[in-house]
1. Out of all the residues in the range 348-367, which are within 23 Å of the chain's Cα centre (by Cα), of a type outside the set (Gly, Ala, Ser) and farther than 14 Å from Phe27 by Cα?
2. Starting from the range 7-26, take each residue that is part of a helix (DSSP H, G or I) and list its partners that are of a type outside the set (A, V, I, L, M, F, W, C), counting only C-beta distances under 6 angstrom and pairs at least six apart or across chains.
3. Would you list the helices (runs of 4 or more DSSP H) that sit entirely within the range 149-255 and hold 1 or more residues that are within 16 Å of the ligand (Cβ to nearest atom)?
4. Testing Arg370 on (1) buried (at least 21 other Cβ atoms within 10 Å of the Cβ); (2) in a helix (DSSP H, G or I), one condition comes back false. Which one is that?
5. For the structure I just gave you, tell me whether Ala299 is surrounded by fewer than 16 Cβ atoms within 10 Å (Cβ to Cβ), among the aliphatic types (A, V, I, L, M) and in a helix (DSSP H, G or I).
6. Looking at Ala196 and the list (1) out of contact with any Cys (no Cβ under 7 Å at 6 or more places or on another chain); (2) touching a residue at least 24 places away in the same chain (Cβ under 8 Å); (3) surrounded by fewer than 17 Cβ atoms within 10 Å (Cβ to Cβ), which single condition is not satisfied?
7. Could you tell me whether Lys313 is more than 30 Å from Tyr143 (Cα to Cα), touching a residue at least 12 places away in the same chain (Cβ under 8 Å) and not hydrophobic (A, V, I, L, M, F, W, C)?
Amino acid sequence: MAGIFDRFANVKTQRAAIVSNGGPDPFNVRMDQVLSQTEAIIGNRRTILCGTNNSLGLTFAPEALKAAHDALDDFGTGTTGSRMLNGTYSGHKELEYALCDFFQKDHAIVFSTGFLANAGVLSTLMGPGDYIIMDADCHASIYDGVRQSQAEIIRFKHNDAADLDKRLARLADKPGNKLIVIEGIYSMLGDKAPLAEIVAIKKKYANTYLLSDEAHSMGVLGRYGRGLPEEVGCEEDVDFIVGTFSKSVGTVGGFVVSSYPDFEMLRYVCRAYIFTASLPPSVVASAKVNLGLVKNGGALRTRLMRNAKMLHKGLVDAGLKVASDISPVVAVVAPDPQTCVAFWQGLIEAGVYVNLAFPPATPHGYSLLRCSLCAAHTEEQIKQVIGIFTEVAGKLGLLEETKRVAVG
Ligand code: PMP
């Protein structure tokens, strides 16, 4: 008789293979103590965190901690309700005004996570007879959102503006709205969208709109941290910006901003806004304070990029195969999943935490050790990370392997 969990047999086999060598389990890491933005105690060991999304290192900003403590005292631990009913406090509205000010847009809607912001807006904005033309490497929350919409979904090749153009051209005679969906920085390899080209293409076609998920680029790109549209100078041409507070803003929550007057109608139709509890007041208060720190975080962005360059150069010079350009994400490619797990285990046992990522979450079928930098990393910490990477890769014979691949 088929059991209810039988269809997870493949997952079970894959999981068993990952932990079969008896080493630490990469998908069950437990931080017992968080010592700072860049260090934690994991398995009784002091560990450098080189795989968080805490890009500006704001998780312990004293101003945000104080605001969160005050909000806890004043408003309690949770709202116990939906934004639409009893879950909108003054803090939620103030945060939305702060987002409008930050992005220089007329409207902002705060959701409980970035995942819900994408899922909510994409599932409701586009209806029957509409088209969503999305980059094939978009995040899972975008895939889930578009799948729930009634629109037709078309994928274009990752970062291939010509392919996008071709696909839009085929739709030119069709009535219905077209929404292009991209990300500012893609999470696995840290590569940027060719935004100027995408905007130029968008402008060629009628009823065509652009949504950019700035989850990884907010706080990182642009003089004031408004992400890729600010860096490229085309903010007016991006119709909807989705973002999260769970990366550079250092807390949790999601949002969508736009200047369309009727944008507010989404509050009455988005199930992800209506049917889930709103963010706790302490989170909202810290997000608002950190938004100000992100805006004025020029010095942090400079440190972040310095750190990114240093790690990238160090790993490339050591002979590792680095799949990313210089960005806050530095992705090292392992030859196969088993070696990738052993590599990850070697790193964690030597006191460095990075993210382990496999297909389908990764492009090109890569098995990745995904490092991500923080502005708060010191040069000393980055040197240590490079040293440990080199040592572990050496023990696994990967440095020679890489050279062989490179020349052969
Ligand atoms: N979009 C992208 C591109 C992401 O990488 C993520 C988080 N990994 C999200 C959305 C979801 O953000 P959140 O953590 O706020 O749910």
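1. Within the range 348-367, Val352, Pro359, Pro360, Thr362, Pro363, His364, Tyr366 meet the criteria.
2. If the second residue must be of a type outside the set (A, V, I, L, M, F, W, C), the pairs left are Val19/Asp25.
3. Result: 195-204, 228-232.
4. The one condition Arg370 does not meet is (2).
5. Against the criterion (surrounded by fewer than 16 Cβ atoms within 10 Å (Cβ to Cβ), among the aliphatic types (A, V, I, L, M) and in a helix (DSSP H, G or I)), Ala299 qualifies.
6. The single condition Ala196 does not satisfy is (1).
7. No, not satisfied.
Residues checked against (1) among the β-branched types (Val, Ile, Thr); (2) surrounded by fewer than 19 Cβ atoms within 10 Å (Cβ to Cβ); (3) within 30 Å of Glu264 (Cβ to Cβ); (4) within 26 Å of the chain's Cα centre (by Cα):
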site	(1), (2), (3), (4)
Val34	yes, yes, no, yes
Thr38	yes, no, no, yes
Asn44	no, yes, no, no
Leu65	no, yes, no, yes
Asp70	no, yes, yes, no
Gly81	no, yes, yes, no
Leu85	no, yes, yes, no
Leu95	no, no, yes, yes
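Coordinate-derived values only; no laboratory data. Here the structure is a predicted model, which means the values were calculated and not measured. Cβ: placed from backbone, ideal geometry, glycine included. Neighbour counts: every protein chain shown.
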